[in-house]
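> Below are the structure tokens for one structure; questions will follow.
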């Protein structure tokens, strides 16, 4: 790794690119060459640094941490001269009051432990030498020269590493089965089809620390005896794909992939396969069908991939985060890893916090932390001082958990018992303004849409569930709907072919269990307590606060509002389409929703 | 997106080039279809027939794969493809209002293409940038923290 005197981070988020971030980088490079500073100053691209409202492009110079905004390529020669040659801050552009932030990944909070995310934002993902500087590929070296495949598997078993894709199957056991399976040709696959809405942990690992995944896969390949690996990455992540491709090329060019790795008999190579926009391809058998070039439809298991996987050969398939944990376990030992977490769930887990929480973004916490600690300590509480209502964990196949369950320690078992799942790590926080029936309907819309259609319980069942929920949200719910939802959910859960169908009813079941009152209010009182479901709410203009400014009447798309200037306006309920625009535009809070 | 409309003969030539570059085994089918969608915006009947010969696969197999994946398209798309993220994190931070205003501004429902061939409106699965929701993607430009009021302005940037 080359050591630089200074590092310049240039924000290349879309807004800054539009304003010429790349032209700025080019000019900066040229100027550094001209001044002979290329060996001293490193220029890196980074996600958004500051407030999107600043004029951009932003750059931050380390180690000083000087943040310049609103700077263009015209100013670069002066900046280089002042900052890098004379060592003076160019005050004109320095935004001293703004702290540089990476919106997705801020500095670790007190209850966080960074293992998988350790290198992210710290090393240059496009330079393999940065990974070496963080002891990269040391674990692979150790494995290939000092350990037998059986010892590697034992180490992973001792660490009690479990699948981070969500199901939590012991990784070491999976490897053992694949090792024991008969056959000369075996494969390892990395499942990078991170399709859960709200989950982007794997994307950041692929984009920020690609070599940890490659190293983990190499170790797995050595342990099970595979010669070829595939990374199945979703096409919605173009930056992840290009970063991984570059990382693979770099690893190959210095003999860390390919024939006779590190001079041993072990040969292994990797290829990236891109998804084409099908959520179900995150299911392992569907994923393999997709790599083979078919429709991504799941098949019944057994046979499990460890025995009959890709092209019928024994295959080990793990998630991105699982592989990224492997080099650290080999290097620091199973005991170190097993010292974190709960009895059955060891280590740490990354989560993507989203929704109505103050600090959205990526976090990594040890298993056993409570949901309350995650949301209020790490996440900084609910936005706008509103009240917490529910947290949805595990993606669209997960459940919504209420306030009363916030003190549950987070691990695979407790979340399962509470009616949700660990899933891949999406965590959506909802405040009191969220209607739980609407949320259940929303998730059913997703699963119904993403159901591949192969098996009847999932294809037809999710559709029926959605119909009933839509009916309830439209104010047409009737006696017996709740019972039918319960019955259908049970049938779909028990009879579906793959995890998608088996998990699909979870949002409905968990909201029924924890928020039955809301269902009842919708069905029997024709009322939406959160005031979200349009058919069940009414907009009215209050006599007192209304000043008769006519803004609402002018903005109403259907001309439902009438009234003279300076007199209280009235909404004609027969014409009103409940779009809520009047509520948004009223400056006097005169619109009441009932 | 295609800038010129190719005739059948030219299309076939281009398809042959793509297959030559990517490969003609079964496992290459999805990458090939992906490349065709990117280049032509659509996988046409002509293309599928040609692929059937080149890759030695029944046309029905190609059709079945092409219609399964969201990113592969058997229907022609407009010059600009607007994709709105309809995932939960965007939904809970005001995505529903943005989507309504988007549909109104374009006068399109998801899946439709405008009569002047300028716009196609689609919904997309999560783009993984949930920290800045609601999010929409126009061609390859990503817009985050979108409000209903900004929609008109964003759309007006496209010719």
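The values are calculated or read from the model by the stated rules, or taken from the named source; none is laboratory data. Here the structure is a predicted model, which means the values were calculated and not measured. When we count neighbours, we look across all protein chains shown, and the Cβ atoms used for this are built from the backbone with ideal geometry, even at glycine.
> Select from segment A:209-236 the residues that are closer than 25 Å to residue B:134 by Cα and buried (at least 24 other Cβ atoms within 10 Å of the Cβ) and write down the one among them that is modelled with the lowest pLDDT.
Step by step, filter segment A:209-236, then rank; the result is A:236.
> Of the residues A:531, A:538, A:526, which is out of contact with any helix residue (DSSP H, G or I) (no Cβ under 9 Å at 6 or more places or on another chain) and at positive phi? Please lay out each step first, then the result.
Numbers: A:538 fails: at positive phi; A:526 fails: out of contact with any helix residue (DSSP H, G or I) (no Cβ under 9 Å at 6 or more places or on another chain).
Only one candidate qualifies: A:531.
> Take the residues of segment A:176-208 that are more than 17 Å from the chain's Cα centre (by Cα) and in a helix (DSSP H, G or I): which is surrounded by the most Cβ atoms within 10 Å (Cβ to Cβ)?
Narrowing segment A:176-208 to residues more than 17 Å from the chain's Cα centre (by Cα): A:176-189.
Adding the requirement that they be in a helix (DSSP H, G or I) leaves A:176-180.
Working: A:176: 21, A:177: 17, A:178: 29, A:179: 19, A:180: 12.
Out of the qualifying residues, it is A:178.
> Scan segment A:503-523 and tell me whether some residue there is exposed (fewer than 15 other Cβ atoms within 10 Å of the Cβ), in a loop (DSSP other than H, G, I, E, B) and either modelled with pLDDT of 90 or more or touching a helix residue (DSSP H, G or I) at 6+ places or on another chain (Cβ under 9 Å) (or both).
no
> Of the conditions (1) surrounded by fewer than 19 Cβ atoms within 10 Å (Cβ to Cβ); (2) on the phi > 0 side of the Ramachandran plot; (3) more than 14 Å from chain B (Cβ to nearest Cβ), residue A:341 satisfies every one except a single condition; which number is it?
Failing condition for residue A:341: (1).
> Right, something else. Looking at segment B:34-55, which of its residues are within 13 Å of chain A (Cβ to nearest Cβ) and at pLDDT 95 or above?
Filtering segment B:34-55 for residues within 13 Å of chain A (Cβ to nearest Cβ) gives B:34-38, B:43, B:51, B:55.
Within segment B:34-55, B:51, B:55 qualify.
> Still on this structure, please answer the following. Could you check residue A:363 against (1) surrounded by fewer than 24 Cβ atoms within 10 Å (Cβ to Cβ); (2) farther than 26 Å from residue A:221 by Cα and say which number it fails?
(1)
> OK, next. Does any residue in segment A:75-89 that is surrounded by 15 or more Cβ atoms within 10 Å (Cβ to Cβ) come within less than 9 Å, Cβ to Cβ, of a residue that is at pLDDT below 85 and assigned to a helix (DSSP H, G or I) six or more places away or on a different chain, and which pairs are these?
A:75/A:92; A:75/A:93; A:79/A:93
> Select from segment B:39-55 the residues that are touching a helix residue (DSSP H, G or I) at 6+ places or on another chain (Cβ under 9 Å) and in a loop (DSSP other than H, G, I, E, B) and write down the one among them that is surrounded by the most Cβ atoms within 10 Å (Cβ to Cβ).
Looking at the filtered set, the residue picked out is B:43.
> Continuing with this model, one more query. Within the bounds of segment A:379-390, is there any residue that is more than 19 Å from the chain's Cα centre (by Cα), within 10 Å of chain B (Cβ to nearest Cβ) and over 30 Å from residue B:68 (Cβ atoms)? Let's see the steps before the verdict.
Residues of segment A:379-390 more than 19 Å from the chain's Cα centre (by Cα): A:381-389.
Narrowing the set further to residues that are within 10 Å of chain B (Cβ to nearest Cβ) leaves A:383.
Retained after the next criterion (residues that are over 30 Å from residue B:68 (Cβ atoms)): A:383.
Yes, because at least one residue in segment A:379-390 is more than 19 Å from the chain's Cα centre (by Cα), within 10 Å of chain B (Cβ to nearest Cβ) and over 30 Å from residue B:68 (Cβ atoms).
One line per residue, one yes/no per condition, for (1) outside any helix (DSSP H, G or I); (2) crowded, with 20+ Cβ neighbours inside 10 Å:
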position	(1), (2)
A:107	yes, no
A:110	yes, no
A:122	yes, no
A:125	yes, yes
A:132	no, no
A:153	no, yes
A:156	no, yes
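> Among the candidates A:550, A:511, single out the residue that is touching a strand residue (DSSP E or B) at 6+ places or on another chain (Cβ under 6 Å) and either within 14 Å of chain B (Cβ to nearest Cβ) or without any contact (Cβ under 8 Å) to a residue 24 or more places away in the chain (or both). Let's see the steps before the verdict.
Numbers: A:550 fails: touching a strand residue (DSSP E or B) at 6+ places or on another chain (Cβ under 6 Å).
Exactly one residue qualifies, and that residue is A:511.
> Test of understanding: among A:37, A:24, which residue is modelled with pLDDT of 85 or more, in a loop (DSSP other than H, G, I, E, B) and touching a helix residue (DSSP H, G or I) at 6+ places or on another chain (Cβ under 6 Å)? Don't jump to the end; show me each part of the working.
Working: A:24 fails: in a loop (DSSP other than H, G, I, E, B).
Only one candidate passes the filter, namely A:37.
> How do the helices (runs of 4 or more DSSP H) wholly within segment A:308-425 filter down when requiring 3 or more residues that are modelled with pLDDT of 95 or more: which remain? Talk me through it step by step, then tell me what you get.
Details: elements: A:320-332, A:334-338, A:412-417.
Where helices (runs of 4 or more DSSP H) fall fully within segment A:308-425 and carry at least 3 residues being modelled with pLDDT of 95 or more, they are A:320-332, A:334-338.
> Mind listing whichever residues of segment A:214-232 are more than 12 Å from residue A:315 (Cα to Cα) and part of a strand (DSSP E or B)?
The answer is A:231, A:232.
> Turning to a different aspect of this structure: Would you confirm whether or not segment A:387-398 contains a residue that is surrounded by fewer than 22 Cβ atoms within 10 Å (Cβ to Cβ) and without any contact (Cβ under 8 Å) to a residue 40 or more places away in the chain?
No, segment A:387-398 contains no residue that is surrounded by fewer than 22 Cβ atoms within 10 Å (Cβ to Cβ) and without any contact (Cβ under 8 Å) to a residue 40 or more places away in the chain.
> From the residues in segment A:270-289 that are away from chain B (no Cβ under 11 Å) and farther than 16 Å from residue A:311 by Cβ, which one is farthest from the chain's Cα centre (by Cα)?
A:270
> For the condition within 14 Å of chain B (Cβ to nearest Cβ) and in contact with a strand residue (DSSP E or B) (Cβ under 6 Å, 6 or more places away or on another chain), what is the one hit in A:433, A:426, A:453, A:399? Break it down into steps so the answer makes sense when it comes.
On the way: A:433 fails: in contact with a strand residue (DSSP E or B) (Cβ under 6 Å, 6 or more places away or on another chain); A:453 fails: in contact with a strand residue (DSSP E or B) (Cβ under 6 Å, 6 or more places away or on another chain); A:399 fails: in contact with a strand residue (DSSP E or B) (Cβ under 6 Å, 6 or more places away or on another chain).
On inspection, the qualifying residue turns out to be A:426.
> Against the condition under 30 Å from residue A:300 (Cα atoms) and either touching a helix residue (DSSP H, G or I) at 6+ places or on another chain (Cβ under 8 Å) or modelled with pLDDT of 90 or more (or both), how does residue A:496 come out, does it pass?
Criteria met by residue A:496.
> Looking only at segment A:176-218, count every residue that is within 14 Å of chain B (Cβ to nearest Cβ), out of contact with any strand residue (DSSP E or B) (no Cβ under 7 Å at 6 or more places or on another chain) and under 24 Å from residue A:155 (Cβ atoms) and tell me the total.
Here the count works out to 1.
> Hey, another quick one. Any idea how many residues of segment B:74-99 are facing chain A (nearest Cβ under 10 Å) and part of a loop (DSSP other than H, G, I, E, B)?
2
> Name the single residue that is surrounded by the fewest Cβ atoms within 10 Å (Cβ to Cβ) among those in segment B:100-138 being more than 12 Å from chain A (Cβ to nearest Cβ) and assigned to a strand (DSSP E or B).
Top of the filtered list is B:113.
> Can you find even one residue in segment B:8-25 that is modelled with pLDDT of 90 or more, under 22 Å from residue A:297 (Cβ atoms) and not in a helix (DSSP H, G or I)? Spell out the reasoning first.
Going through segment B:8-25, the residues modelled with pLDDT of 90 or more turn out to be B:12-25.
Checking the rest, the ones that are also under 22 Å from residue A:297 (Cβ atoms) come to B:25.
Keeping just the survivors that are not in a helix (DSSP H, G or I) gives B:25.
Yes: one or more hits.
> Please determine, by comparing only the residues of segment A:555-578 that are in a loop (DSSP other than H, G, I, E, B) and in contact with a helix residue (DSSP H, G or I) (Cβ under 7 Å, 6 or more places away or on another chain), which one is surrounded by the fewest Cβ atoms within 10 Å (Cβ to Cβ). So that I can check it myself, show each step before the final result.
Going residue by residue through segment A:555-578, those that are in a loop (DSSP other than H, G, I, E, B) are A:556-560, A:563-569, A:572-578.
If we keep only those that are in contact with a helix residue (DSSP H, G or I) (Cβ under 7 Å, 6 or more places away or on another chain) too, we end up with A:556-557, A:563, A:569, A:578.
On the way: A:556: 22, A:557: 10, A:563: 16, A:569: 23, A:578: 18.
The qualifying residue surrounded by the fewest Cβ atoms within 10 Å (Cβ to Cβ) is A:557.
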